[in-house]
1. With respect to residue 173, determine if the residue is touching a residue at least 60 places away in the same chain (Cβ under 8 Å), of a type outside the set (Asp, Glu) and open to solvent by 70 Å² or more (accessible area, probe 1.4 Å).
2. Would a scan of region 12-29 turn up a residue that is more than 18 Å from the chain's Cα centre (by Cα), crowded, with 16+ Cβ neighbours inside 10 Å and modelled with pLDDT of 95 or more?
3. Quick one: would you say residue 199 is in a strand (DSSP E or B) and hydroxyl-bearing (Ser, Thr, Tyr)?
4. Among all residue pairs at least 6 apart or on different chains, which show Cβ distances below 7 Å where the first residue, located in region 223-237, is without any contact (Cβ under 8 Å) to a residue 40 or more places away in the chain and open to solvent by less than 10 Å² (accessible area, probe 1.4 Å) and the second is in a strand (DSSP E or B) and hydroxyl-bearing (Ser, Thr, Tyr)?
5. Please work out which one of (1) surrounded by fewer than 19 Cβ atoms within 10 Å (Cβ to Cβ); (2) more than 27 Å from the chain's Cα centre (by Cα) is the condition residue 82 fails and give its number.
6. Does residue 284 satisfy the condition of being touching a helix residue (DSSP H, G or I) at 6+ places or on another chain (Cβ under 9 Å), hydrophobic (A, V, I, L, M, F, W, C) and without any contact (Cβ under 8 Å) to a residue 60 or more places away in the chain?
7. Kindly provide the set of residues from region 270-291 that are open to solvent by less than 40 Å² (accessible area, probe 1.4 Å) and assigned to a helix (DSSP H, G or I), ordered by number.
Amino acid sequence: MEQKIELKKRRYLMNAWYVAALSTEVGPEALFHRRILDTSVLIYRKQDGTPVALHDRCPHRFAPLHLGRRIGDEVSCLYHALRFDCEGRCTHNPHGNGQIPRAARVHGYPLEERHGFLWIWMGEEAADPGRLPNFDVLDNGHPNAVAYTYMHMKAHYELIIDNVMDLSHIDHVHGEIITTRGKLSPLVPQMREGLDTLSARWEWQQTPAMLIFANFLPEPAAEARHFFDITWTPPANIQLSVGATQNGHALDLEGCVGQYDLHTCTPETANTTHYYFATRRNHVVEDANYNAMKIQAMHAAFETEDGPIIEAVHDEMGTTDFFSLDPVLMSNDAAPVKVRRMLKRLIEDEATAR
């Protein structure tokens, strides 16, 4: 067990918050399960709606607990009916004299429900809610202007981070709807580096505007100023703001027609990733049909355009150690390479501090 924990510590940043599920994925009665950082996790809601996370494994014969049944706020194992409370304590043993073995306990994981997600802390240190980044913009505004989606990726999670931190690919991978008409690739982003964060920003002009914004600008066919602003926070959160304006306003979401996006990744294994996405726009904010169309289109674009190339890269690499392959690095790699090195340092610092 100790050796397995050490292996994970080298592979992942453990003392950090990862998304375990969309809030909407875990219903009031469901025994939801998902593999997170190579560990099977059971998630369910108590009768008052509070989410609970336990290791999805009975300590008796190791049956997955999600195969069992709910009894109030407790879970009964399907195999031999040991029952566990939401703290992981065994409360009922139907066998023999009913004595509960001291070792009959399931490990629990802290959860925080924020911004439309259930966040889980998998590390050994005490969970620190203050280390969960603030994405409050997702919470503020009309409910029909925010949307969420989930994708399962057959690729290492850092390849997904690379993809979002380097947006120079969009003119080559994506179609007409978000093209920058060749304006973005030549630009080297302005970077802002914090202690454990990295931001990258692009500003440019194009004619016409990006088609996702053009029809909401005063002159859809005319030139518009645009910006991308991206911030990575550990372990795998990327907040991306994008917008366009023709009125001389500031290049931010106050002055532009735009949207606030969150891309966040949770490793399932070294070769597979849970990828979550949320977006809030500042235009057409009350139209539920437009909202549904928008998130479906964004999900489809990633699933049919970014996704296949990222998965093909993962397969071709044959390793999760990007730098061991001696990659050719160019100007567009500045931000993703910095993020990779920062994350590696954080993982190494955590392992040596133990």
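1. Answer is no for this residue.
2. No, region 12-29 contains no residue that is more than 18 Å from the chain's Cα centre (by Cα), crowded, with 16+ Cβ neighbours inside 10 Å and modelled with pLDDT of 95 or more.
3. Details: in a strand (DSSP E or B): yes; hydroxyl-bearing (Ser, Thr, Tyr): yes.
It is true that residue 199 is in a strand (DSSP E or B) and hydroxyl-bearing (Ser, Thr, Tyr).
4. Cβ pairs passing all conditions: 224/245.
5. (1)
6. No.
7. Selection gives 291 alone.
Listed here are the residues, each with its yes/no results for (1) farther than 29 Å from residue 316 by Cα; (2) of a type in the set (Lys, Arg).
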{"residue": "128", "(1), (2)": "yes, no"}
{"residue": "131", "(1), (2)": "yes, yes"}
{"residue": "166", "(1), (2)": "no, no"}
{"residue": "181", "(1), (2)": "yes, yes"}
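The values are calculated or read from the model by the stated rules, or taken from the named source; none is laboratory data. Fair warning: this is a prediction, and the values are worked out from it, not measured in the lab. Virtual Cβ from ideal backbone geometry, glycine too; neighbours counted across all protein chains shown. Just so you know, the surface numbers come from the protein's heavy atoms only, side chains and all, with ligands and any DNA or RNA stripped out. Shrake-Rupley method; radii C 1.70, N 1.55, O 1.52, S 1.80 Å.
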